[in-house]
1. For region 1-28: of the residues being in a helix (DSSP H, G or I) and in contact with a Pro (Cβ under 7 Å, 6 or more places away or on another chain), which is most open to solvent (accessible area, probe 1.4 Å)?
2. Output the residues belonging to region 44-75 that are more than 17 Å from E12 (Cα to Cα) and polar (S, T, N, Q).
3. Would you confirm, using the coordinates I've provided, whether D10 is at pLDDT 90 or above, within 21 Å of the chain's Cα centre (by Cα) and of a type in the set (D, E)?
4. Could you please tell me which pairs satisfy a Cβ distance under 9 Å, a separation of 6+ or placement on different chains, a first residue in region 138-154 that is more than 11 Å from L169 (Cβ to Cβ) and open to solvent by 40 Å² or more (accessible area, probe 1.4 Å), and a second residue that is among the aliphatic types (A, V, I, L, M) and not in a strand (DSSP E or B)?
5. Could you tell me which numbered condition T200 fails, if it satisfies all but one of (1) touching a strand residue (DSSP E or B) at 6+ places or on another chain (Cβ under 8 Å); (2) modelled with pLDDT of 90 or more?
6. I'd like to verify a number: residues in region 153-172 that are of a type in the set (A, V, I, L, M, F, W, C) and either on the phi > 0 side of the Ramachandran plot or part of a helix (DSSP H, G or I) (or both), how many?
7. What number of residues in region 29-47 are within 20 Å of V115 (Cα to Cα) and open to solvent by less than 70 Å² (accessible area, probe 1.4 Å)?
8. Of the numbered conditions (1) open to solvent by 20 Å² or more (accessible area, probe 1.4 Å); (2) in contact (Cβ under 8 Å) with a residue 24 or more places away in the chain, T82 fails exactly one; give the number of that condition.
Amino acid sequence: MNDANILIVDDERAIVEMVATVLRKEGFSSIDTASSGEDALALCERKRYDLVLLDIMMPGASGLEICPFIRRTTDAPILFLTARSSDFDVLSGFAVGGDDYIKKPFNPLEVVARVRAQLRKVSRTTTTAVVDHADTIYNFGRFQVDEAKAALFVEGKQVHCPALVFQLLVFLCKHPNRVFSKSELYERVWGESMLNDDNTVMVHIHRIRERVELDPSNPQYIVNVRGIGYKLVTANNAGAGGQYAT
């Protein structure tokens, strides 16, 4: 884990140096920095990163603007550094490809903890994809999930699926027709307590729907059971009409 390649992007030099110093003290040795979105994109084109810490508010291209371009080159976790705290700003970050966010001002040790948590999740996904050679394929008619190959197929075509989105989908596939609250999903998939933030689960559910549903605004597979949580319904129950709120 400590050999991970990490990129820190922030126009405030003091923040970059503080975060880089703390990460190095915690054993992370491969750290690059950038002070603008343009510089960050140039680095991502030349090097593979395992995690990106990305400021939202920067001169020129903002973090929200460059995140989709970074996401095209890597599935690595992207953690936004932001002074913004409204639900709209947070959801905007998730919508463009972010995996987590850290509000400024922050404790540098919180950054380290979140970095380690994200890298552990990626490590678990990679281990499953490489080591588990069992033919574990979940077939839901319109889409199939191949757990061993870490692959999602929709109508016969493989669809790109970020690591944590895939982990959540696999978990739901393993427990069809069972309802899970947002906090349960976060604890089972992310491996930690949700701590009063259900945006992460909601956004990742939306990302699954964008991939597997014929009409994401009227989901037939990943449904919301009003006041309780989410569940993945089997083909026989999909489109049961009326008993699920979207």
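1. M18
2. T73, T74
3. yes
4. Listed by first residue and then by second, the contacts come to N139/A235; G141/A235; G141/A238; R142/V212; R142/L214; R142/A235; R142/A238; K149/A129.
5. Condition not satisfied by T200: (2).
6. 9
7. The number of residues fulfilling the criteria is 9.
8. So T82 meets the others, but not (1).
The values are calculated or read from the model by the stated rules, or taken from the named source; none is laboratory data. Everything quoted here is computed from the prediction, not taken from an experiment. Counting neighbours? That spans all protein chains shown, and the Cβs are built from the backbone with ideal geometry, glycine included. Side chains included, ligands, DNA and RNA excluded: accessible areas come from the protein's heavy atoms. Shrake-Rupley method; radii C 1.70, N 1.55, O 1.52, S 1.80 Å.
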